[in-house]
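Everything on this sheet refers to the single structure shown next.
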Amino acid sequence: MAFALHNYALAMLLLVLAIIPFEATCDSHHHHHHRRHRRPAPPRHKSLHMSLFQHETINKTGYVIVNGVEGGAETTATTTPFGTLFVFQDPLTAKANRSSKQLGTAEGTSITSGLDGLSSISVVKLTLRLKDRKGSISIVGGTNNMKRSDHPVVGGTKDFLFVQGYVTSSPINLKGSTVVYKIGLHLYWPPYPPQAF
């Protein structure tokens, strides 16, 4: 009998505990019917789309560290022999004119990976000092010296932490000792838009 009374008391306790949260939930739900339901605003997607200009001057801001294979492409403003290791630290400006405002620096390395001397594998850090954002983004990818190349963003620092997106590089002036590339930034911060890429 004591065992049955104990089971009865336990069952009653569980029933009371089950009802109390249910009633509290019902009460709070009941009060919400008197308020107007508002949908939360959709998250605002932060992004940055802009262009900068990279100015690379051979033997001033860019240097061949290791010459490529003999018998390959010759060294010109647009080609280097297969296997050439090239390093650079180039200014990034607001306009294609070198005397325009400097907004950052592109520093990195490229290794000529095409036998024609036109393509390379590049690893680059873009340090940016924009009006409302400062920090760096890192990009990696294949570069063609004669046409537009897309590079995925693989990391960022400071205001560019957690950024995703891609950077385009397009040659606009390949004559003379200084070559100029248009650098297009296409960057997205979380929460990321559903069709950003």
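Results, tabulated for the structure shown:
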quantity: Estimated vicinal HN-Hα couplings, Hz - the range 162-178 in sequence order (Karplus 6.51, -1.76, 1.60; Gly, Pro = x); calculated: 6, 6, 10, x, 8, 10, 9, 10, 10, x, 10, 8, 10, 9, x, 7, 10
quantity: Pair ASP132, SER100: separation of 7 Å Cα→Cβ label points (nm); calculated: 2.0 nm
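Throughout, read-outs are computed from the coordinates displayed, never taken from laboratory work. Worth saying up front: this structure is predicted, and the values here are computed from it rather than measured. Cβ: placed from backbone, ideal geometry, glycine included. Neighbour counts: every protein chain shown.
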